[in-house]
Each structure stands twice: as structure tokens, then as C-alpha cells.
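The values are calculated or read from the model by the stated rules, or taken from the named source; none is laboratory data. All values reported here derive from a predicted model rather than from experimental measurement. Note: ideal-geometry Cβ built from the backbone for every residue, glycine included; neighbour counts use all protein chains shown.
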Amino acid sequence: MRPALSGLVALVTGGGSGIGEVIARTFVDAGAQVIVTGRNAERLAFSAVKTGAHAMAADVADEASVKALFAAIDEKYGALDILVNNAGVTGPVARAEDMDVVAWDETMAINMRGMILCIKHAVPRLRRRGGGSIVNMSSLMGLRATPMRSAYTASKFAVIGITEAVAQEVGVDNIRVNALCPGAVNGDLMQRVIAARSAAEGRAPDDIIRTNYTEKAALKRWVEPEEVAAAALFLASPASAAITGDRLRVDAGRS
């Protein structure tokens, strides 16, 4: 059998570390030619060596940078079939009354503006290929709110809305657009969130993990990055050919 993404070209934003790096490796293993992008060129280069992807540094919140990125993809590959909008930041962990508005604006710039800019420049290229798949990284917090995470929650709710709207716009072009909604994913990013919550709430990290995350999950555990990557592969591949405008939870059954 041919690999699921054989002969396809995929762009993974935020591909220099964490979930994005694992998605890139999974897509390479599935036969795709993968470009990883992000702001840190050194980290991207290291990730590319590990995953077999090609690194192209860009700031997804800056349209000139995004435009240059897609021009570079055109020059090197001449095509694009898959976009995974994974770039994102966790945003401030704070009550609304204590909100750092600069940090709020940065969260929206990367998590929302960055996503729509990449969609804007990807859609004409996917259309020229006769279709394709866009996978937008939302979150379980894009489906229900969490205290002290209003910035991140707002941005991830927006991802769901944009996904549904764009799916209706581009379905006629055989372009599918879906949102992936992970729960608490094991890794450095989640550990930073736990540390910030611990400092803000005055609670021990182990207590936060147990009462707010693992004990609330039907499977009583974290989600692993590889499990999120497997879901992204499903949404990017022909296996999900009739699925668009939807959201897929990967959360170990969090209640």
C-alpha cells in the first residue's frame, strides 16, 4: 500500500518543537514532503534534521513574511496540498482584571491572525492542485472555557469559527478545513502552563495536574503528542475525504 500522504506537499507552522515537530515527522513517515516554519531558524533547522522536513523560517503574524514563505514554497516545490496551522502561544495565565493586554494582543496575533494569513495564501495554491486539506489547531479550550485562560480560550474559540466559515467558502474547490481539539498534551508547553497556574493560584503543580487534568479524563492520563499527530494525519489524508467544517477532540475523554 502507498503511504497515506505519498507525493503530497505539506506545510506545518510552529513545526520547530512540540506537537508541530511530531506532526512533521508523522507526515514525513506517511510519504509527504514537509515544510516546517516558525520564527526560530536555529530551532527549525534542528527539527528538520530530526524529522526529515525542510525548514523555512517565517513569522506567521506578519503578512509580508507569510507571503515570502509561500513564494519560497512555490519555488522549491511548485505545489502545496496540506496546511497544518499549528503555530500558537499559550497566552497569559491571569484573571481578566489582571490581564496584560500586550500579551493578549500577541496571543491573538499568532493564534488567530497567523492562522488566517496562512489560510489566505494557501487556498489559491490548494485550488490549483484541485483540492487539499487544512487542519487548524484549536483546543479543548476552543470548545469550553477555562478560568484564567481567557486569551487562549478566546483565540481557540475563534479557530473553530474560522474553520467552519472557511470550510463553507472553499468546499466547492474540494478543499477541506477541519479543526483539531487536543486536551492536555504531555510536554514542555503544558509544563509551562502548569507552572504559571501554580504561581497564580498558589497550588502545588501535582495537585493541579491531578485535579484539573488527569483525574478529569476518562482514560486518567495525559494525551501524547504522537496521538495528536495521528489525528492530524487522519484529517490531512484521503481517509477523511468526506469530513469538513468539523472539530475532532483528542483529549483522553476529558469531562
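Quick rundown of the values:
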item	result
Any hit, the stretch 181-195, residues being of a type outside the set (S, T, N, Q), modelled with pLDDT of 95 or more and under 28 Å from R25 (Cα atoms)	yes
Odd one out for M148, checked against (1) in contact with a strand residue (DSSP E or B) (Cβ under 8 Å, 6 or more places away or on another chain); (2) at positive phi; (3) at pLDDT 95 or above	(3)
Number of positions in the stretch 1-16 that are buried (at least 19 other Cβ atoms within 10 Å of the Cβ) and assigned to a loop (DSSP other than H, G, I, E, B)	5
Lone qualifier among S155, S139, S133 - being under 18 Å from the mean Cα position of the chain (by Cα) and within 22 Å of L5 (Cα to Cα)	S133
Residue count for the stretch 123-169, restricted to those that are polar (S, T, N, Q), more than 28 Å from A71 (Cα to Cα) and surrounded by fewer than 19 Cβ atoms within 10 Å (Cβ to Cβ)	1
Contacts under 8 angstrom Cβ, first residue in the stretch 92-108 being surrounded by fewer than 16 Cβ atoms within 10 Å (Cβ to Cβ), partner modelled with pLDDT under 95 and among the hydrophobic types (A, V, I, L, M, F, W, C), 6 or more apart	R95/M148; D100/A94
Lone unmet requirement of (1) touching a strand residue (DSSP E or B) at 6+ places or on another chain (Cβ under 8 Å); (2) surrounded by fewer than 18 Cβ atoms within 10 Å (Cβ to Cβ) for T37	(2)
